[in-house]
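J.: Take this structure, written in structure tokens, and hold onto it; I'll ask about it next.
The values are calculated or read from the model by the stated rules, or taken from the named source; none is laboratory data. Quantities reported herein were computed from a predicted structural model and do not represent experimental measurements. Note that we place each Cβ from the backbone using ideal geometry, even for glycine, and neighbour counts take in every protein chain shown.
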Amino acid sequence: MWKKLELGLLVVFVCMVVAVSGCMSSSVKVVIDYPGSWNGTLKTDAGTRSIEGTGNQTIDLGSMTGSLYVKVEKKDKGSNNTIRVSAIRGDETVNTMNSSTQYGELDDAILSIYLTP
């Protein structure tokens with residue numbers, strides 16, 4: 001009888017640890033740095049959405065794993081300002097891409113990564 005109770009308590013404890021660890025995973029944010037107006041597309045395993053803004057903006061995606069694709073474009077095409085998109089998990093920058101090349105400025109920046117747990 002006691003063995004079944006101990007086993008049951010152990011199972012409950014393990015389930016609680018797994019549930020709490022999932023809740024405590026770090027939030028993923030997408031940060032767009034650009035002084036002008038921009039728009040783009042944000043895709044995750046959960047779906048696709050349009051994004052747009054003026055100036056720097058942070059988009060909180062919450063806890064997530066899987067594919068993350070972000071494409072941002074300058075609305076003022078031909079601008080010499082650099083547009084930058086970053087993926088941040090917790091306090092760590094996972095990846096950053098920008099529109100700067102050795103030949104000059106592009107009008108967009110694309111970030112595509114796979115986030116593991």
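J.: If Gly8 satisfies every condition in (1) modelled with pLDDT of 55 or more; (2) of a type outside the set (S, T, N, Q); (3) more than 20 Å from Ile113 (Cα to Cα) but one, which is the exception?
T.: (1)
J.: Take Ser86 and tell me if it is surrounded by 13 or more Cβ atoms within 10 Å (Cβ to Cβ) and over 15 Å from Asp107 (Cα atoms).
T.: So Ser86 fits the description; yes.
J.: Of all residues in the range 32-80, which are more than 20 Å from Leu106 (Cβ to Cβ), acidic (Asp, Glu) and assigned to a strand (DSSP E or B)?
T.: Within the range 32-80, Asp60 is the sole residue that qualifies.
J.: Still on this model: Can you tell me how many residues within the range 102-117 are in contact with a strand residue (DSSP E or B) (Cβ under 6 Å, 6 or more places away or on another chain), assigned to a loop (DSSP other than H, G, I, E, B) and surrounded by fewer than 14 Cβ atoms within 10 Å (Cβ to Cβ)?
T.: 0
J.: Take the residues in the range 58-106 that are in contact with a Gly (Cβ under 7 Å, 6 or more places away or on another chain) and over 26 Å from Asp45 (Cβ atoms), then tell me which one is modelled with the lowest pLDDT.
T.: Ser79
J.: With Ser50, Ser99 as the choices, which residue is among the polar types (S, T, N, Q) and surrounded by fewer than 12 Cβ atoms within 10 Å (Cβ to Cβ)?
T.: Only one candidate passes the filter, namely Ser50.
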